[in-house]
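What follows is a set of notes on a single structure, which appears directly below.
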Amino acid sequence: MKHEILGKCPVCDSEITITEIHCKKCETTIRSEFELCKFCKLTSPQKYFIEVFIKNRGNIKELEKELSISYPTVRNKLDEVITALGYQVDQQKTCTNRKEILEKLSQGQISKDEALKLLNE
């Protein structure tokens, strides 16, 4: 049975270090401290999101359809992945999205309930 490398300690949720690599074919074992790649540190749902994102070539509409989630949810999930990879999320863009929602509400394009749902996603 194959297991995926854990990106975080299952006990304390801290980053882990791989200390041994072994080749089944030649029986070579290397002991040292190896860092995980950035993608190994993502959670399973984040990895799945990235897989779907790549499969759909970053097309947000296709992601919305395949994952059955709204545009703001796609953006939130993408922001989570960006942060998990160690990059800063541009809060200005997040604020712009909130402004767009409020504009649609003020123009009567969406209901109050829809606006609240989108703002909370």
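Coordinate-derived values only; no laboratory data. Worth saying up front: this structure is predicted, and the values here are computed from it rather than measured. Quick reminder, even Gly has a Cβ in these numbers, built from the backbone with ideal geometry, and neighbours come from all protein chains shown.
Residues that are over 30 Å from GLU15 (Cβ atoms): list the helices (runs of 4 or more DSSP H) wholly contained in segment 42-121 that include at least 1 such residues. Break it down into steps so the answer makes sense when it comes.
Details: elements: 44-55, 60-67, 71-84, 91-106, 112-120.
Result: 60-67, 71-84, 91-106, 112-120.
Given (1) assigned to a loop (DSSP other than H, G, I, E, B); (2) surrounded by 12 or more Cβ atoms within 10 Å (Cβ to Cβ), identify the lone condition not met by CYS12.
(2)
Take THR73 and tell me if it is in contact (Cβ under 8 Å) with a residue 12 or more places away in the chain and either under 13 Å from the mean Cα position of the chain (by Cα) or closer than 30 Å to HIS3 by Cβ (or both). Step through it out loud before you land on a result.
Details: in contact (Cβ under 8 Å) with a residue 12 or more places away in the chain: yes; either under 13 Å from the mean Cα position of the chain (by Cα) or closer than 30 Å to HIS3 by Cβ (or both): yes.
Yes: the conditions hold for THR73.
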